[in-house]
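Each value in this text was obtained by applying a stated rule to the coordinates, not by laboratory testing. Keep in mind that this is a model prediction, so the values were computed, not measured. Virtual Cβ from ideal backbone geometry, glycine too; neighbours counted across all protein chains shown.
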């Protein structure tokens, strides 16, 4: 379909744009011609939102932003651009104004919280030998090991960066909850989703890495968002 929006995929903590690999292939197979994946520096919410805005600004026509994990906070902050038509959250943070991912996590700590530790430079890492059980227990050992070795550590201070004006208050949104998530507590995901009043909430029996373990279902939600936007 020629009228499909551009899809901009925004990764979260402990991974880069390549975490979207399976979803990207599935989107291509379903006829999406304009696909983009931001590579965020993970140095601050302001830096990451600016990087995302710059990518969106290069695209002519409507854009659907899709954020995984902390990427949800990024699209919440960066989704105010006029050509952004909607927001899809994949096991993601969706902070309100003045709220940070760290505050949300402290309310209901996730199961794998103890497996995250800072290094001497202030970057936060998931222990390699705990990565699979923490982040992606429904992926193969080899896939999880690659993710563990290539993980992209955020500056710890980024956890405390608060959203200013949440785009989900002005733009249509969709949300996927991972019921087996150990990085963001599933109850936190449900709470964030419900207060957004999105057009749809789905639950997947998936780890935090649902974008990799259940890419077809994730793309189904993106497809549904695109169809919904076509009716608005």
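Distances over 13 Å make up what percent of all Cα-Cα pairs in segment 105-171? For segment 105-171, the fraction of Cα-Cα distances above 13 Å is 70 percent.
For the chain, with a Gaussian network of springs between Cα atoms less than 10 Å apart, report the residue from 42, 155, 87 with the top mean-square fluctuation. Its mean-square fluctuation being the largest, the pick is 155. Compared with the dominant Cα axis of the chain, that is its longest principal axis, helix 215-231 is turned about 30°. Our summary gives segment 67-134 a relative contact order of 24 percent, counting only alpha carbon pairs under 8 angstrom and 6 or more residues apart. Between the alpha-carbon centers of segment 80-97 and segment 1-72, tell me the distance in whole angstrom. Their Cα centres are 11 Å away from one another. Taking the Cα atoms of segment 36-109, the ratio Rg/Rh between the radius of gyration and the Kirkwood radius comes to 0.97.
Using a Gaussian network model on the chain with a 10 Å cutoff between Cα atoms, which of 132, 51, 191 fluctuates the most? Of 132, 51, 191, the most mobile in the Gaussian network model is 191. Going from the residue with the fewest nearby Cβ atoms within 10 Å to the one with the most, 50, 141 rank 141, 50.
From least to most packed, judged by other beta carbons within 10 angstrom and beginning with the fewest, 13, 159 follow the order 159, 13.
I need the shape label for segment 188-232. Rule: rounded when a/c is under 1.5, else prolate if a/b > b/c, else oblate, with a, b, c from the alpha carbon gyration tensor.
oblate
Beta carbons within 10 angstrom, averaged per residue: use that to sort the peptides 175-183, 201-209, 54-62, 219-227, highest first.
175-183, 201-209, 219-227, 54-62
Only one of (1) 15.3; (2) 13.3; (3) 11.1 was calculated from the structure for mean projected area of the Cα convex hull in nm², and its label is (3). Across 78, 49, 117, mean-square fluctuation computed from a Gaussian network of the chain (C-alpha pairs under 10 Å connected) peaks at 117. Within the chain, antiparallel bridges make up roughly 15 percent of the DSSP beta bridges whose residues both belong there. Here the spin labels are modelled as points 7 Å beyond Cα on the Cα-Cβ line, and at residue 128 and residue 113 they lie 2.7 nm apart. Take the alpha-carbon centre of segment 98-128, take the same for segment 161-232, and report the distance between them in whole Å. The distance from the Cα centre of segment 98-128 to that of segment 161-232 comes to 21 Å. Going by neighbour counts of Cβ atoms within 10 Å, the residues 171, 28, 130 line up, fewest first, as 28, 130, 171.
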